[in-house]
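The values are calculated or read from the model by the stated rules, or taken from the named source; none is laboratory data. What you are looking at is a predicted structure, and each value in this text was computed from that prediction instead of being measured. Glycine also receives a Cβ, built like all others from the backbone with ideal geometry; neighbour counts cover every protein chain displayed.
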Amino acid sequence: MADFNESVILDAIRRHPTGLSRVELAQATGLSAQTVSNITRRLLDQGVARESGKLNTGSGKPRTLLEVVPTSRYAVGIHLDPAVITCVLVDLLGSVVAQRSARTPSGGDTDRTVAGMAASVAALVAEAGVDHGRILGLGIAAPGPIDAAAGWVVDPPELHGWGRYPLRDRLSEATGFPALLDKDVTAAVVAERWAGAATDSRNLLFFYLGTGSGMGLVVDDTVLRGVSGNAGEVGGLGAACSTRTLVDEAVSLGVLGTEYTALDPADAQRGLERLAALAAEGDAQADGIIERLAIRIGRGVSAAATLLDVGTVVFGGPTWQVLAERLLRTVEPMVARSMFVKATHPTVVVSTTLGENVAAVGAASLVLDQALSAQPRTLLLQSTRRSAAPGSTGAAAACSPPSRSTPR
């Protein structure tokens, strides 16, 4: 319970860049003044929080404001994309302090690729001059499908030769950091909640457009992962929105030359960039390909936004970054006037503020989120176990769920 309350306090401080006083923290969290005082003293002693100034309320003495110390802790994030592998080091607020990118090796030599990823992490940390003791862990964002519980990627379609591979544990062993693995679209939506365009949104849809595509989902302030961690796969829509599909269509229509066929994901991205350039120069066929993509995305997102009743839709990913302005011009009004999206609340449609590395930042944010955000589900599970133990009493028993025979 103490750890949970500490996370509640730290999360509240983090969400207010101008700082919060102890009185405001008690009001925001519902915790007693004494509990807030005890916890903030610990955070100050740990160097995670600091006093940042005074708040004059007009009566009584000014209140002391508290803020997070960004450089007190760090996290590493790796995005394994079929085209490029990106490593980032972020501070406690999710700001990138160092990054590295390299083309994803082809051929399916998984162990060699992991060794290269570990070397990039070591170089990144050394370059930033950060002590290993201040790094909370390593997050990994990978294309689905994954086995989240086991930490495996499971034969990702665009990562040929990977098969079933224990990516989480192999990278943890190679880097010396505890590691987490999640889908790239899920990581991206966590990044948006931690440091992006939707830090205050409790209901959010993130549409990721890269080598493939998918949706990251937040409902009632909870990231939806599904039974196996693979929520957000969009089936036929995903295939129709892939970089390779766009480039193949452009080649078949003669917009791009045949040199762009049968290429690996990195070269397909190069073809996409050429397609975008042609559209910007006024090529009607190139623009038509992008327009048809925008319509597919707009229809799929409108339906999903209604199903989940979200208030915010964020778009991002490497392909989105290349086509963002052109796609948003079509998608935003489609969502606004959609027969699916009712006018009972506004739906905000924006591009990510985290750039093309949103999934890598998201991978690092997975670590920050697990270590520092309040996790009610974890508290409930722990409380249930304690309440089941002989002689269990107090807060643990109070937090246990009611039995089925208990009136509600």
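What the table shows:
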{"read-out": "Elements of type strands (runs of 3 or more DSSP E) in region 85-177, at least 2 residues being surrounded by fewer than 18 Cβ atoms within 10 Å (Cβ to Cβ)", "value": "96-103"}
{"read-out": "Close pairs (9 angstrom Cβ cut-off, 6 or more residues apart or separate chains): hydrophobic (A, V, I, L, M, F, W, C) and modelled with pLDDT of 95 or more in region 124-135, assigned to a helix (DSSP H, G or I) and surrounded by fewer than 13 Cβ atoms within 10 Å (Cβ to Cβ) anywhere", "value": "Val125/His132"}
{"read-out": "Yes/no for Val48 being surrounded by 15 or more Cβ atoms within 10 Å (Cβ to Cβ), outside the structural domain of Pro178 (by TED's automatic domain parsing) and among the β-branched types (Val, Ile, Thr)", "value": "yes"}
{"read-out": "Members of region 252-263 that are surrounded by 18 or more Cβ atoms within 10 Å (Cβ to Cβ) and either modelled with pLDDT of 90 or more or not in a helix (DSSP H, G or I) (or both)", "value": "Val255, Leu256"}
{"read-out": "Pairs, first touching a residue at least 40 places away in the same chain (Cβ under 8 Å) and outside the structural domain of Gly144 (by TED's automatic domain parsing) in region 184-210, second outside any strand (DSSP E or B) and of a type in the set (Phe, Trp, Tyr), C-beta under 7 Å, six or more apart", "value": "Leu209/Trp320"}
{"read-out": "Long-range neighbours under 6 Å by Cβ, at least six apart or interchain, first residue in contact (Cβ under 8 Å) with a residue 24 or more places away in the chain and more than 15 Å from Val84 (Cα to Cα) within region 156-177, second of a type outside the set (Val, Ile, Thr) and in a helix (DSSP H, G or I)", "value": "Ala174/Ala118; Thr175/Ala118"}
{"read-out": "Leading residue by the ranking (farthest from Arg270 (Cα to Cα)) among those in region 295-319 that are among the aliphatic types (A, V, I, L, M), surrounded by fewer than 21 Cβ atoms within 10 Å (Cβ to Cβ) and touching a residue at least 60 places away in the same chain (Cβ under 8 Å)", "value": "Leu308"}
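Residues checked against (1) more than 24 Å from Val97 (Cβ to Cβ); (2) modelled with pLDDT under 90:
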| residue | (1), (2) |
| --- | --- |
| Met1 | yes, yes |
| Val23 | yes, no |
| Gln46 | no, no |
| Asn56 | yes, yes |
| Thr64 | yes, no |
